[in-house]
Amino acid sequence: MKHLLIVLLALYPYFVQATLISDPVGRYEVAYKNVAFKNDDTIYSKNVLSFDEINIELDGYSFKKGGFLSEEESADGKSSINCSRDVLFSDETSYGWGILIHSNKVGVELKEVLTLPEPSPDWNISDETKLLENGRIAVTKRFYPINDGIVYNSWGFSKNDPKGKYKFQIYYGEKLIYEVEFNVK
């Protein structure tokens, strides 16, 4: 699997501007255009991005909301962002999670568990990620900078990845703070 990292580049209190750029290790930094934030953390966009309530307070972090997105790039290079839990299988599709966090800290150590319906033979992973159950589960422990109250991560498909039900589980320490299931078609 191609591993993608989503980073918001220029977040203003009420508006996000974004571009897609490549970094030297083959990851991508992606930020989304036309996403507006209100003071109550409600998120709006052309695509009606919806976040689920979390409201967990731990160690100076206030985990507010979690959300799921997928992004598909068409042959003409245009991207479409979708928050549906049905994701089109394509090597041009990335999918991931985001969490709104209130904290005075610069970052947070999280554990991401990505579970596939069956093992994948194709993984392109970093040293931070360990594979379990013959490649059906990927566990990533990482320090995520809090960029204007948001942390994100995403993945892309490889040609031999399975279709079916996938699941992200995000942990702070041993506490599950966000979970989302989605179906890859």
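Read-outs: derived from the displayed coordinates by stated rules, not from any lab. Keep in mind the model is a prediction, meaning the values are calculated, not measured. Neighbour counts run over all protein chains shown; Cβ positions are idealised from the backbone, glycine included.
Pairs linking a residue in the range 84-104 that is in contact (Cβ under 8 Å) with a residue 24 or more places away in the chain and within 10 Å of Glu72 (Cβ to Cβ) to a residue that is among the β-branched types (Val, Ile, Thr) and not in a strand (DSSP E or B), with Cβ atoms under 9 Å and 6 or more positions apart or on different chains, are Ser94/Ile6. Contact map, the range 51-68: residues that are within 11 Å of Ile177 (Cβ to Cβ) paired with residues that are surrounded by fewer than 18 Cβ atoms within 10 Å (Cβ to Cβ) and among the hydroxyl-bearing types (Ser, Thr, Tyr), Cβ distance under 6 Å, separation 6+ or inter-chain. Pairs shown: Tyr61/Ser103.
For the range 148-169, filtered to residues that are in contact with a Leu (Cβ under 8 Å, 6 or more places away or on another chain) and of a type in the set (S, T, N, Q), the residue that is surrounded by the fewest Cβ atoms within 10 Å (Cβ to Cβ) is Gln169. Among the conditions (1) surrounded by fewer than 14 Cβ atoms within 10 Å (Cβ to Cβ); (2) touching a Phe, Trp or Tyr at 6+ places or on another chain (Cβ under 8 Å), the only one that Pro145 does not satisfy is (2).
Go through the range 104-124 and give me each residue that's exposed (fewer than 15 other Cβ atoms within 10 Å of the Cβ) and not charged (D, E, K, R). Selection gives Asn104, Val106, Gly107, Pro121, Asn124.
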